[in-house]
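Working notes, structure below.
The values are calculated or read from the model by the stated rules, or taken from the named source; none is laboratory data. Keep in mind that what you see is a predicted model, and the values were worked out from it rather than measured. Counting neighbours? That spans all protein chains shown, and the Cβs are built from the backbone with ideal geometry, glycine included.
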Amino acid sequence: MRFIFSLILILSTCFINLKAQNPQKTLTLDDVITIAKKQSPDGLVAINKFKSSYWQFRTYKASFMPMLSFNATMPNINRSISKITNPDGSQSFVETKSTDYSAKMSLSKTIGLTGGQISINSGLERLDVFSATNTTSYLSNPVTIGFNQPLFSYNSYRWANKIQPLMYNEAKQQYLEDIELLSMKATNLFFDLLDAQIRAHIAKVNQANNDTLYKIAKGRYNLGKIAENELLQLELSLLNSNLQLEQTRNEVEVALFKLKSFLGIKSNEKIELIIPQQIMNIKIDIEKAVAEARNNRTDAIAFDRKLIEARSNVNRARTENRFNANIYALYGLTQSANTYNAVYKSPLDQQQLSLGLQVPILDWGLAKAKIKVAESNQELVNTQIAQQKIDFDQEIMIKAMQFNMQYSQLLISAKADTIGEKRFLVTKERYMIGKLNITDLNIAMTEKDVASQSYLSALRSFWNNYFEMRRLTLYDFINNSTLNVDFETMK
């Protein structure tokens, strides 16, 4: 029983000590990117940017919907002295006191095709006049239909109907591009930390190797088998490896802090990264990449939007500085009475029709100048868009060709890393049995470290270029599908 109790006590103590240590999390590149998309500040910024554009689009859509409004004045009290004309033709000032109440319900709708507006109104007014004989009267407008239509002016609704959907599509594609840019940032920070951890591991291994070699060299020196210069060189290598080990440990902490800050991780747990192993031999068809970019990219949509905006500005300049007319028509029912019960009986019809004209006579060439400015800007936009389309295609083609070379370069770097590691081990064994000198050993160690760093650099370039191709085309070349998300869940 004492043995069992002692064993339980020891296991409990070990468990408590284990819990007291900082926990450690192991992450792959996919894990880091997934966390970044879900909780990183950059990911939240991308979501909020899209939401802002979505509600702007909703505002545009709502402007075409029927609007119901209610206006009321309860009451409007007036007490003043005013001039009146007496029955004999003379005039005098008298004190007037009155109170009026009004209520109006209005339903209006914008007609996007013409830029006009149609409305249906219903209202009621009451007027109380306080004098020697108090009087009360009512005025009703049970139904009034109005129509207001500019005839030749700039129709902002028609142009908004062309521009706003494009802007909303831009916002959706921009969100996808922001997510791929976030993946690129996460990849760079992932490899920054991975590079620091690998260099720290290399430094630790080199320090252990140099310590072992120095101890062996001391024994050989005492036996007179090696010169003092070789012993001092090994001691200097050991000191340098100790310094390198401390430096790489600090670099790991800095890289870890940056990655955790980007991911929004606030815990103190350590993160150990796993080197991506599965690398697919992806060959991107350049023509397909260009076609997908033209269909999906934000810039491709922006090209069309900017051309439409330029045409809109020309149309505005031509219509706002010339002959304009506005027609207003109204038809409805109305009635007045001294009692509320009678104000809606036997209503009378009312009509109104007005035509307003605006004719510029002399503007000293102002209208013509505005039109010329707008037309010049349109030509400038056309020229810029044509050049940007050429640059757009060339960028995709160059990036695709660069990516297609990455896989072979990665394989060469991986093979060089393996050869460098094996060569160092062979060189180390031969040095320990006295068949090679210290110079050959140092060269093999340096080449091993360079090959390892080169492989990691090639791995970083491969994944960076992969996510950049996704951002430039918004296309997944592994699954052969267009990138998309459920935007309905983000609103």
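Do we have Asp100 as in a strand (DSSP E or B), among the acidic types (Asp, Glu) and buried (at least 16 other Cβ atoms within 10 Å of the Cβ) here? Against the criterion (in a strand (DSSP E or B), among the acidic types (Asp, Glu) and buried (at least 16 other Cβ atoms within 10 Å of the Cβ)), Asp100 qualifies. Looking at (1) outside the structural domain of Asn148 (by TED's automatic domain parsing); (2) closer than 30 Å to Asn315 by Cβ; (3) in contact (Cβ under 8 Å) with a residue 12 or more places away in the chain; (4) outside any helix (DSSP H, G or I), which is the only condition Trp364 fails? Going through the list (1) outside the structural domain of Asn148 (by TED's automatic domain parsing); (2) closer than 30 Å to Asn315 by Cβ; (3) in contact (Cβ under 8 Å) with a residue 12 or more places away in the chain; (4) outside any helix (DSSP H, G or I), Trp364 breaks only (3).
Here is a list: Ile47, Ile111, Ile84, Ile10. Which entry is surrounded by 10 or more Cβ atoms within 10 Å (Cβ to Cβ), at pLDDT below 90 and closer than 30 Å to Gln164 by Cβ? Don't jump to the end; show me each part of the working.
Details: Ile47 fails: at pLDDT below 90; Ile84 fails: closer than 30 Å to Gln164 by Cβ; Ile10 fails: closer than 30 Å to Gln164 by Cβ.
Only one candidate qualifies: Ile111.
Before we move on, is Arg199 touching a Ser or Thr at 6+ places or on another chain (Cβ under 8 Å) and either surrounded by 15 or more Cβ atoms within 10 Å (Cβ to Cβ) or part of a loop (DSSP other than H, G, I, E, B) (or both)? So Arg199 fits the description; yes. Exactly one residue out of Ile433, Ile412, Ile443 is assigned by TED's automatic domain parsing to the domain that holds Asn281, closer than 18 Å to Gln277 by Cβ and among the β-branched types (Val, Ile, Thr): that is Ile412. Within segment 377-388, residues that are more than 19 Å from Ala317 (Cβ to Cβ) have Cβ atoms under 7 Å from residues that are assigned to a helix (DSSP H, G or I) and not acidic (Asp, Glu) in these pairs: Ile385/Phe303; Ile385/Lys306; Ile385/Leu307; Gln388/Phe303, counting only partners at least 6 apart in sequence or on another chain. Mind telling me which of the residues Glu170, Glu230 ends up being under 26 Å from Ala300 (Cβ atoms) and either acidic (Asp, Glu) or outside the structural domain of Leu273 (by TED's automatic domain parsing) (or both)? When all the criteria are applied, what remains is Glu170.
Does Lys399 satisfy being surrounded by 12 or more Cβ atoms within 10 Å (Cβ to Cβ), part of a helix (DSSP H, G or I), free of Cβ contacts under 8 Å to residues at least 40 places away in the same chain and not assigned by TED's automatic domain parsing to the domain that holds Tyr138? If you could, list the steps in order and put the result at the bottom.
Numbers: surrounded by 12 or more Cβ atoms within 10 Å (Cβ to Cβ): yes; part of a helix (DSSP H, G or I): yes; free of Cβ contacts under 8 Å to residues at least 40 places away in the same chain: no; not assigned by TED's automatic domain parsing to the domain that holds Tyr138: yes.
When the stated conditions are applied, Lys399 does not pass them.
Per the listing Phe257, Phe303, the residue uniquely modelled with pLDDT of 90 or more and crowded, with 16+ Cβ neighbours inside 10 Å is Phe303. Under 30 Å from Met184 (Cβ atoms) and either at pLDDT below 80 or among the basic types (Lys, Arg) (or both) - does that describe any residue in segment 15-22? The answer is yes; a qualifying residue exists. Screening the candidates Thr446, Thr418, Thr427 for the property of being part of a helix (DSSP H, G or I), surrounded by 18 or more Cβ atoms within 10 Å (Cβ to Cβ) and of a type in the set (Val, Ile, Thr) yields one hit, Thr427. Of the numbered criteria (1) in contact with a Lys or Arg (Cβ under 7 Å, 6 or more places away or on another chain); (2) outside the structural domain of Leu236 (by TED's automatic domain parsing); (3) aromatic (Phe, Trp, Tyr), the one Phe191 fails is (2).
Which of the residues belonging to segment 332-361 are under 50 Å from the mean Cα position of the chain (by Cα) and touching a residue at least 24 places away in the same chain (Cβ under 8 Å)? Working first, answer last.
First, the residues of segment 332-361 that are under 50 Å from the mean Cα position of the chain (by Cα): 354-361.
Residues satisfying the conditions are Ser354, Leu355, Gly356, Leu357, Gln358, Val359, Pro360.
Residue count for segment 56-70 under the criterion of being surrounded by 12 or more Cβ atoms within 10 Å (Cβ to Cβ) and among the hydrophobic types (A, V, I, L, M, F, W, C): the result is 3.
So which residues in segment 420-474 are modelled with pLDDT of 80 or more and of a type in the set (Asp, Glu)? Scanning segment 420-474 gives Glu421, Glu429, Glu447, Asp449, Glu468.
Are any residues in segment 460-481 outside any helix (DSSP H, G or I) and either surrounded by 13 or more Cβ atoms within 10 Å (Cβ to Cβ) or without any contact (Cβ under 8 Å) to a residue 40 or more places away in the chain (or both), and if so, which ones?
Step one: of segment 460-481, the residues outside any helix (DSSP H, G or I) are 474-481.
Of everything in segment 460-481, those that are outside any helix (DSSP H, G or I) and either surrounded by 13 or more Cβ atoms within 10 Å (Cβ to Cβ) or without any contact (Cβ under 8 Å) to a residue 40 or more places away in the chain (or both) turn out to be Leu474, Tyr475, Asp476, Phe477, Asn479, Asn480, Ser481.
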